[in-house]
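The values are calculated or read from the model by the stated rules, or taken from the named source; none is laboratory data. Please read these numbers as outputs of a predicted model, since none were measured by experiment. When we count neighbours, we look across all protein chains shown, and the Cβ atoms used for this are built from the backbone with ideal geometry, even at glycine. These accessible areas exclude ligands, DNA and RNA; they are computed on the full protein's heavy atoms, side chains included. Shrake-Rupley method; radii C 1.70, N 1.55, O 1.52, S 1.80 Å.
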Amino acid sequence: MGISALEPPVQAVSDVVLRGGTTMRFRPPEIGDAPSLLEFFGRLSDRSLYLRFHGHAAVDERTVEPVLEPDWIEQGALVGLEGDRIVALANYVRLRDAGTAEVAFAVADELQGRGIATRMLERLAALANGFGIEEFLAEVMPDNSAMLHVFAEAGFETSRVTEAGTTEVRLRLAPTDLLVSRTDERDHVAVAASLQPFFSPAGIAVIGASSRSGSIGGELFRNVLRGEFAGVAYPVNRSGEPVAGVRAYRSIAEIGEPVDLAVVCLPGDAVLDAAAEALSAGVRALCVISAGFAETGSRGRERQERLLDLVRASGARLLGPNCLGIAVSGPRLNATFGPNALPPGNVGFSSQSGALGLALLERAAERGLGLSAFVSVGNKADVSSNDLLEYWEDDTNTAVVLLYLESFGNPRKFARVARRVARRKPIVAMKAGRTAAGARAASSHTAALAGSEAAVDALFHQAGVLRADTLEELLDITSLLAAQPLPRGNRVAILTNAGGLGILCADACEAAGLSLPALSKETIEGLASILPSEASAANPVDMLGSATASTYAAALPLLLGDGSVDAVIALFVPPVMTGADEVASAIVRSVEDAGEKKKPVLACLISADGTPAQLLSGIVAPFSYPESAARALGRAAERAEWLRRPRGRVPKLGNIDRRAARGLVESSSEGWLDPDLTRRLLTSYGLPLVAERRVESVDEALIAAEEIGYPVVLKTAAAGVHKTETGGVAIDLRDSEEIREAAHRIGAPFLVQPMVRNGVELLVGAVQDPVFGPLIALGPGGTLAELIGDAAFRLTPLTDFDAQELVQTGKAGILLSGFRGAAPSDLEAVEDLLLRISQLAEDLPEVAELDLNPVIARSDGCVVVDARVRIAATPRSATLKTW
């Protein structure tokens, strides 16, 4: 019995976001939907019915009966809901050619043009493709330009033929790069539109705004007033008692004016009624401050799901619950219960922790770091960091994105969105919850070396996200990127009046991947002309304790003008004769006088009075310690290097039989595949496997060894066994006696292979992370793989650049390049192997663990010597959200 079941391969019930920013739920039609479907068809105009049925066919029970309770094998269907009302239908029927199904759509007249049919096509295609349907066929009236446009623009591989007054459209359902790109583009436009009411509301209502001092709702409403919100704010409470001198209302419906954003500050058990009332009044953005939801356990989780259902049924969006609120600089909105207003600036900040968000806001204000927006996402029932990235990508007020994350909802979507956004704007993130607990339960080399942190690091690296390890570093990096240009390279000059401080900074620069180049002859001569003879004009430049503000003003432009310098770090410890304020002013003036800023300037002035106010202007980046400055500059140089790297592409690979692989997986039981099935699976993806014979006895092993040729390797053919750890392998066997001895120890059945010599032993693997999806590993292999460690990981799908980077990374990269006089390995062959494993892991999520150890890489190719594959049922997504 295989692991497949007659269930949809993706979530059949799903929520989508439409072009205008509203949301809609799709689900399969049920038996009880027959009257609603008849009513739906009854509301369609004559033209819509004509286009749907190619004539004026009568619609009755026989019309709707075939789409009810789809089996997904012969027919599938989805309805789109607006509240409880059916407003759209998409269905397919499998044709005589089992790989093809005919598809049709209908959308309520008043909702046409909003992208509903396109979204239904996306979802229906994913469902059908999972049941072996490779192609949709649609018979379209030639004058149905809207439907033809849907098919043409969706992103599927499409062909069209017009005959006898009908246009036949065929769509290949296999996912393509174009389909992913078009879907992501639709998501981007729709998500940004859906968040508009949060970021630029004309009217806001605070539900639960009390006149009582100290109440959360009352304080939040007062914060809205103190911030001088550019729109209109309404307090709502049961008594209708005014708040802070502003007329209050007993309900949103009583207001009588449009309200874009409603902020709910009520006890948890009162939130659902208040939310329903607000949504009924037309509110499309709901921010729930209240606690008592998923963070409290099963009952709270159920309440949160009911809240989200209410929001989805109204096509709205939800921020929170259990959050601090939202503040936006543009409309001067402070809808949080934090004590201070948002310092305006160009950083968009999302925090999953409200308390930590408040702490960072305080520290940001102290540094002069301003924000374009602060969003506390709380439980992330709906609006998440992914959504905010979509919005901030095009937001002209946001130049840097700052994220504090405790979990990922859809990390694969995050990777695609972040990679796109990071090309335009830096993303700085801190991910809490580092742990290696997952490795302790792993059953393969690959899984033991992987873990959630490896996945996070791989995700951030590939997407160009700068990961901070501490809150201080989070602010350090963000402050630098928000105010300074990126360095062109990693070469830094240090200017100091204290030699020891310069040495500390130099050490920190080296640790951060920065270099201190020799200064040009002209720079050294210029420095010598302004410094005492005892000073050092080498890099770091030690001007001695006698340096004054004017010395800094004269020396800094020389370093900025040196072509071998990409950035400057200025350090200062106040002596008796010169104060920090004077030096700070001199540094700022000299940078201003240099004209257009092309190189970042960082300043660390160690003073008992703290950072001089002059450094908070943004002209230079202030730091409390030289080590902090070096680390932040190193991360900025890392970003500049990432921007220079090729984007890469996911190549099309030949010699892959997906149908055979899919059939093998679906017919297999959960657990480790036996060697024969493992070999068949890997062969279907074109992997280079060592020749081998499976035999059942010692005599058969002897015959196989003679035919293969000595020396040989004898292994157990038991499924999934760690062969070296259980004594299940014997290598370099040279005669029949050695085979008999090894066979007695190992036990039948056996695998007999030729002995492969002379090459680099690698570990290549894939593991399905329960959160992040497939993770590809490359590291030193053999019996010491886990002891040596140092495996590098990347998330799928690998691009050609990802594969190239992997084979040049860490100890595996050193070995492959030709370690200690060895011949370099065939890197292209290893890259091809990695790309094939990536494709396999993408195509077959049931492959929970895949371990190739060792892979022998030689100068003329590579060969897989041992392989283990574990099959498991794929877990269903817990969320209905598709974007």
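In segment 684-700, which residues are in contact with a helix residue (DSSP H, G or I) (Cβ under 9 Å, 6 or more places away or on another chain) and either open to solvent by 60 Å² or more (accessible area, probe 1.4 Å) or under 14 Å from Phe750 (Cα atoms) (or both)?
Correct list: Ala691, Glu692, Arg693, Arg694, Val695, Ser697, Val698.
How about segment 352-411: which of its residues are modelled with pLDDT under 95 and acidic (Asp, Glu)?
The answer is Glu362, Glu366, Glu406.
Name the residues in segment 701-742 that are of a type in the set (D, E, K, R), in contact with a Phe, Trp or Tyr (Cβ under 8 Å, 6 or more places away or on another chain) and surrounded by 15 or more Cβ atoms within 10 Å (Cβ to Cβ), would you?
If the condition is that a residue be of a type in the set (D, E, K, R), in contact with a Phe, Trp or Tyr (Cβ under 8 Å, 6 or more places away or on another chain) and surrounded by 15 or more Cβ atoms within 10 Å (Cβ to Cβ), then Lys715 is the only one that fits.
When both residues are 6+ apart or on different chains and their Cβ atoms are under 6 Å apart, which pairs have a first residue that lies in segment 702-716 and is without any contact (Cβ under 8 Å) to a residue 24 or more places away in the chain, and a second that is open to solvent by less than 30 Å² (accessible area, probe 1.4 Å)?
Close Cβ pairs satisfying both conditions: none exist.
Given the conditions (1) part of a loop (DSSP other than H, G, I, E, B); (2) more than 33 Å from the chain's Cα centre (by Cα), which single one is not true for Ala138?
(1)
Any residue that is free of Cβ contacts under 8 Å to residues at least 12 places away in the same chain and either crowded, with 21+ Cβ neighbours inside 10 Å or not β-branched (Val, Ile, Thr) (or both) - is there at least one of those in segment 104-113?
Within segment 104-113 (the criterion being free of Cβ contacts under 8 Å to residues at least 12 places away in the same chain and either crowded, with 21+ Cβ neighbours inside 10 Å or not β-branched (Val, Ile, Thr) (or both)), the answer is yes, since at least one residue qualifies.
I want to confirm something. Restricting to segment 669-681 and keeping residues that are crowded, with 20+ Cβ neighbours inside 10 Å and in contact with a helix residue (DSSP H, G or I) (Cβ under 8 Å, 6 or more places away or on another chain), which single residue is farthest from Glu696 (Cα to Cα)?
Leu681
Restricting segment 416-426 to residues that are open to solvent by less than 20 Å² (accessible area, probe 1.4 Å) and touching a residue at least 60 places away in the same chain (Cβ under 8 Å), which is farthest from Asp476 (Cα to Cα)?
Val417
Name the residues in segment 385-427 that are more than 22 Å from Leu361 (Cβ to Cβ) and of a type in the set (A, V, I, L, M, F, W, C), would you?
Phe408, Phe414, Ala415, Val417, Ala418, Val421, Ala422
Check Ala364, Ala381 and return the single one that is farther than 19 Å from Leu474 by Cα and open to solvent by less than 30 Å² (accessible area, probe 1.4 Å).
Answer to the check: Ala381.
Among the numbered conditions (1) open to solvent by 10 Å² or more (accessible area, probe 1.4 Å); (2) closer than 25 Å to Ser515 by Cα; (3) of a type outside the set (S, T, N, Q), tell me where Pro600 comes up short.
(1)
Quickly run through segment 561-595 and pick out the residues that are closer than 16 Å to Leu519 by Cα and either modelled with pLDDT under 95 or in a loop (DSSP other than H, G, I, E, B) (or both).
Gly561, Asp562, Gly563, Ser564, Val565, Asp566
I'd like to know if segment 280-289 contains one or more residues that are open to solvent by less than 30 Å² (accessible area, probe 1.4 Å), hydroxyl-bearing (Ser, Thr, Tyr), touching a residue at least 24 places away in the same chain (Cβ under 8 Å) and out of contact with any strand residue (DSSP E or B) (no Cβ under 6 Å at 6 or more places or on another chain).
If we filter segment 280-289 for residues that are open to solvent by less than 30 Å² (accessible area, probe 1.4 Å), which is where we start, we get 283, 285-289.
Okay, now just the ones that are also hydroxyl-bearing (Ser, Thr, Tyr), so none.
The answer is no, given that none of the residues of segment 280-289 is open to solvent by less than 30 Å² (accessible area, probe 1.4 Å), hydroxyl-bearing (Ser, Thr, Tyr), touching a residue at least 24 places away in the same chain (Cβ under 8 Å) and out of contact with any strand residue (DSSP E or B) (no Cβ under 6 Å at 6 or more places or on another chain).
Does Arg212 fit the bill of being surrounded by fewer than 18 Cβ atoms within 10 Å (Cβ to Cβ), within 17 Å of Phe337 (Cβ to Cβ) and either in contact (Cβ under 8 Å) with a residue 40 or more places away in the chain or of a type in the set (D, E, K, R) (or both)?
Yes; evaluated as a whole, the condition is true for this residue.
What's the total number of residues in segment 147-190 that are open to solvent by less than 20 Å² (accessible area, probe 1.4 Å), assigned to a helix (DSSP H, G or I) and over 19 Å from Gln112 (Cα atoms)?
So the answer is 1.
For segment 640-656, check the following and say yes or no: at least one residue is open to solvent by 40 Å² or more (accessible area, probe 1.4 Å) and over 30 Å from Glu805 (Cα atoms).
no
Is segment 191-202 home to any residue that is open to solvent by 20 Å² or more (accessible area, probe 1.4 Å), in contact with a Lys or Arg (Cβ under 8 Å, 6 or more places away or on another chain) and under 21 Å from Val377 (Cα atoms)?
yes
Among the helices (runs of 4 or more DSSP H) lying completely within segment 449-525, list those that include at least 2 residues that are in contact with a Cys (Cβ under 9 Å, 6 or more places away or on another chain). Before the answer, list the steps.
Numbers: elements: 452-463, 471-483, 499-511.
So the answer is 499-511.
Can you name every residue in segment 184-196 that is β-branched (Val, Ile, Thr) and out of contact with any helix residue (DSSP H, G or I) (no Cβ under 6 Å at 6 or more places or on another chain)? Spell out the reasoning first.
Residues of segment 184-196 β-branched (Val, Ile, Thr): 189, 191.
Across segment 184-196, the qualifying residue is only Val189.
Can you tell me which condition Ile133 does not meet? The list is (1) open to solvent by less than 10 Å² (accessible area, probe 1.4 Å); (2) of a type outside the set (Ser, Thr, Tyr); (3) part of a loop (DSSP other than H, G, I, E, B); (4) under 17 Å from Val13 (Cβ atoms), and all the others hold.
The single condition Ile133 does not satisfy is (4).
May I ask you to say which residue of Val756, Val771, Val760 is touching a residue at least 24 places away in the same chain (Cβ under 8 Å), of a type outside the set (Gly, Ala, Ser) and surrounded by 21 or more Cβ atoms within 10 Å (Cβ to Cβ)? Before you say what the answer is, go through the steps one by one.
Numbers: Val756 fails: surrounded by 21 or more Cβ atoms within 10 Å (Cβ to Cβ); Val771 fails: surrounded by 21 or more Cβ atoms within 10 Å (Cβ to Cβ).
None of the others qualify; the one that does is Val760.
Let's see how each residue does on (1) more than 26 Å from Ala205 (Cα to Cα); (2) open to solvent by less than 10 Å² (accessible area, probe 1.4 Å):
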position	(1), (2)
Ser329	no, no
Gly338	no, yes
Pro343	no, no
Ser353	no, no
Leu358	no, no
Asn397	no, no
Gly409	yes, no
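Give me the residue from segment 5-47 that is out of contact with any strand residue (DSSP E or B) (no Cβ under 7 Å at 6 or more places or on another chain), of a type outside the set (A, V, I, L, M, F, W, C) and part of a helix (DSSP H, G or I) and, out of that set, farthest from Pro142 (Cα to Cα).
Taking the candidates together, the pick is Gly32.
Filter segment 527-553 down to residues that are open to solvent by less than 50 Å² (accessible area, probe 1.4 Å) and either of a type in the set (Asp, Glu) or farther than 20 Å from Phe572 by Cβ (or both), then give me how many there are.
Adding up the residues that qualify gives 1.
What number goes with the only condition from (1) open to solvent by less than 50 Å² (accessible area, probe 1.4 Å); (2) touching a Phe, Trp or Tyr at 6+ places or on another chain (Cβ under 6 Å) that Arg870 does not pass?
All conditions are met except number (1).
Going through Ser877, Ser825 one at a time, which residue ends up being over 22 Å from Arg645 (Cα atoms), in contact with a Leu (Cβ under 7 Å, 6 or more places away or on another chain) and in a loop (DSSP other than H, G, I, E, B)?
Exactly one residue qualifies, and that residue is Ser825.
Just wondering, is there one or more residues in segment 298-313 that are closer than 23 Å to Tyr234 by Cα, part of a loop (DSSP other than H, G, I, E, B) and not hydroxyl-bearing (Ser, Thr, Tyr)?
No - not one qualifying residue is present in segment 298-313.
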